[in-house]
Structures are given as structure tokens and as C-alpha cells.
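All remarks here apply to the structure that follows.
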Amino acid sequence: MIIFLYGPDTFRSRRKLNELKEKFIKEVDKSALNLEKLDAKKMEISDFRRAIMSQPFLAKKRLIIVENLFAKPQKKLCHEILKTLSDMKNDNIIIFWDGETPKKPADGCLPLFKKLADQKYSQQFKLLTEAETKKWILQEIKKIGSVIENEAANLLACWIGNDLWQLDSEIKKLAAYCQNRPITVLEINLLTKSKLDENIFNLTDALGQKNKAKALRLIQNQLDLGISQTSLLSKMIWHYKNLLLVKNFSESGCFSYFKIAAELKIHPFVAQKALQQSGNYTHNELKKIYQRLLEIDFSFKTSQVDGRTLFDLFVVRV
């Protein structure tokens, strides 16, 4: 049996992989002696052949997990694995786990990728949409026996985006703090500070001041530090949406950031910064920037264009 778990949402694919491992240990081999893990970055084809061709020890089958095959695809290794799979005749289970997929035929691994993706037990884990992220939050909160208000779930999804690794951590922290009380917007504001907040403020300042070199540098620094492209984009969309809303208040004569914070249900500090920064833009400029960010979001979901390139083009065109 061949199972293929792949896609950029590594939190859900890792969870699925762990579930399959636990099921194998529980139902097939409680000793786990027939479970083997291989890292394709260091693996030789001889390691793969030995692992899948070996007979199980005091069990009906073996479980072999191969990770990161497409992270740095090797044409020769992919070709040999494809051939070896065609020759396999035992009942061993092979799980291929990967957070990457080959993007070009030149990678030389597309034939193997297509074979794995066509398997009956192949499962792709795409990044969740905003609506799916909120649904996931509600499910996770319920799973651990806690409750969250709808408004708080919206804010959490907006602040963190679809970074499920961080969301999982924040949910556990919030649930532990609230104990038997529902999680509200107050707890989100108190305990959950997006790791992108200060950088987003700096980036917005740079863009508002037309300092494109600094804006490009700030974006690249965040990506180099490991912030996911989707998390960065989600936070930029959230912040520019706030700037637009705050701009509406200021143009109507309201300059109290406490009142704005209460109306928009955001942290007073965020409202204060947004009020200050909105002065660097016209209403029309903010609308155009917000629209461009939504277009990038659409490109992320529908094309294979490199995210860094999209961010660079965004800054150049602002």
C-alpha cells in the first residue's frame, strides 16, 4: 500500500501522519520494530530498497515513512524509486510525506509525483482559506473542551491567518487561561500578539513614506526569518483593511482611537497606530493597496508564481 501526504499545510499533514503511525502501532505492531523512517535528503536508493523489501519481524507488515522527497528533488533518486515501486510485491505500507511539490518538468520527479498523487490513499493538504481557518479554530476549541465566541474566532483567524502551527499554540494558551470561561475578544487582545504586529507597522510606515527600499528589505527579512508568505500576506490585508476603516472615521471627524477601537473591536494600540499611519495615505491610495493585496491573495491560491516575486511587484507598484 502506498500513501502520499503532501502540500503546504504541514500541520494537518503531520497530524495525519502521526495518526497513521499510531494506528499501525496499535493494530499491527505494538513493538514498533517494523516501523522505519527515512529522510530522502540523506537517503540512498539502497536504503529505500532495503526498507521496503525487508520482511516484517513478528508482524504481518512493515511501515516505511519517507519524508522530504520533493524538498530538493534528485532526478536519479526519483527515477530509481519509481522503478522500485513497480517491482514491489509485498504488503508493506509506504507513506511518502512532503511539504513540497515539484513545479517544473525539469525537476525530473514529476513522473514519480504523478504516480504518488494518483494513488487511492493520496491526500493533498492545501492552505486553508479564511472561512476554513475559522471553522478549524472552532473545531479545535471544541475538541479540547473549550468554547470561543464567534467574534473572538474571527479575530484570531484574522490576526494569525492560516498558520495552524501558531494557531494551535495560541488556542492551547487561551483555553488554559480561560479554563471554564468562553474565550472572548478581550482574551485575544490580552494574550495573543501576532508575531508580525511591529513589523507590519514598520512596513506600513515605509510604504506610506514611499521608502520602497526599506519596504522590500522588511518583507525579505520576515520571509528569511521563516514567517510564511501566507501569514505575512494575511496580516498585511488585515492591517490595510483597518487603515481603510480608520481613515473613514478620521475623515468623518472622529480622532479618538479609544472610540475607534471600541467600534472596530481592535486593540487600542492598533487603532492608535492605524490612526497615525492612515495620515500617510489618501483614501483612494488605501483602496488601491487593499485591492492589490487581495489580488496577491488570489494569485497565491490559483497560480504557481513565487510569493517573493509578488511581494516585490506589490512594493514597486505602490
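Computed values, structure above
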| quantity | calculated |
| --- | --- |
| Nearest 10 degrees, 0 to 90: helix 197-208 Cα axis against the chain principal axis | 60 |
| Degrees, to the nearest 10: 212-224 long Cα axis against longest axis of the chain | 40 |
| The range 197-317, relative contact order [Cα under 8 Å, separation at least 6], % | 31 |
| Cα gyration tensor, the chain - rounded (a/c under 1.5), prolate or oblate | oblate |
| Sorted by Cβ density within 10 Å, fewest first, the residues F258, F314 | F258, F314 |
| Highest-fluctuation residue, K76, K135, K210 considered, GNM on the chain with Cα pairs under 10 Å | K76 |
| Nitroxide proxy distance, nm - points 7 Å out along Cα→Cβ at N211 and S250 | 1.8 |
| Size of electric dipole in the range 2-124: Cβ of Lys, Arg +1 and of Asp, Glu -1, about Cα centre, debye, nearest 20 | 60 |
| More than 20 angstrom apart: percent of Cα pairs within the range 197-317 | 41 |
| Cα centroid separation, the range 72-99 to the range 1-68 (Å) | 12 |
| The range 2-124 shape via C-alpha gyration tensor axes, a/c threshold 1.5 | oblate |
| Dipole-positive endmost among A271, G161, I95 within the chain (Cβ charges, Cα centre) | I95 |
| Folded to 0 to 90 degrees: helix 229-251 orientation relative to the chain principal axis, Cα | 20 |
| Debye, to nearest 20: dipole size of the range 130-191, +1 on Lys, Arg Cβ, -1 on Asp, Glu Cβ | 240 |
| Positive-end residue, the range 197-317 charge dipole about Cα centroid, Cβ charges, pick of N202, T302, C254 | C254 |
| For F96, residues with placed amide H under 5 Å, excluding near neighbours | I3, F4, L5, V66 |
| Percent RCO, i.e. relative contact order, over the chain, from Cα pairs under 8 Å lying at least 6 residues apart | 15 |
| Percentage relative contact order, the range 130-191, counting C-alpha pairs under 8 Å, at least six apart | 42 |
| Helix-only [θ]222 nm of the chain, DSSP H runs n ≥ 4, -39500 (n - 2.57) each, per residue, nearest 500 | -19000 deg cm²/dmol |
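Every number here is computed from the coordinates shown, using simple stated rules; none is lab data. Just so it is clear, the structure is predicted and the values come from calculations on it, not from any experiment. With ideal geometry, Cβ positions are generated from the backbone for all residues, glycine too; neighbour counts draw on all protein chains shown.
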